[in-house]
Amino acid sequence: MPIYMNTVLDEYFIINIPKNIVSGDFHWIDYKNGNTIIALADCTGHGIPGAFMSMLGTVTLSNIISGLTDMSASSVLNQLREKIIKLLHQRGKFGEAQDGMDISLCIYNEKKKTLHFSGAFSFTYIARKGKPDNDTINIA
C-alpha cells in the first residue's frame, strides 16, 4: 500500500495504533478517472469479527469503485451500506447482529481541486495553510 500511496498522493501520513494485531480498522485508497478515493473505517467487533468486516468493506469498496463512472462520495457510501446489509442478510429486526462500520470517504480531484466527503458516523477535518474563506469551504 505505501508504494501505491506514494504514486497517487504527494503528501500523506497515517496514524494507525490498533489495539490488537487483528482488528476492524482499515484505510483504503484507489484512483479512477482523475479521482483519488480515500476511506478510513472502524468496523464493529474486535479481533476476527472486526477483521472480517474490514475485509468485507475493502473488497466491497473496490467492487463499487470499479463499476462507477460518475463518482459521488455519498453514493459510494450508500451503495456500500446496501451491499453490506445484503451480504450479511440483515433485515433490521430486534436482536439481530448490528455489524457495520463507521467510515469516512473522500474523493479528491487534483485537476479540479475539489474534495467531496461523506461520512457514516464519522467526520473529517480540513487543514490548509493560510486563512480559509467562504469560497473555499462549502458545507452541503
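Miscellaneous remarks
- Computed extension gain for I17 through I85, at 0.36 nm per residue and net of the alpha carbon distance, reaches 21.7 nm.
- Couplings 3J(HN,Hα) for the range 120-125, derived from phi with the Karplus relation 6.51 cos²θ - 1.76 cosθ + 1.60 (θ = phi - 60°), are 10, 6, 8, 8, 9, 10 Hz, where x marks Gly and Pro.
- Global form of the range 4-82, assessed from the alpha-carbon gyration tensor, a/c cut-off 1.5: oblate
Here, each number is a calculation from the coordinates, and none is a lab measurement. Note that the structure is a prediction, hence the values are computed from the model and not measured.
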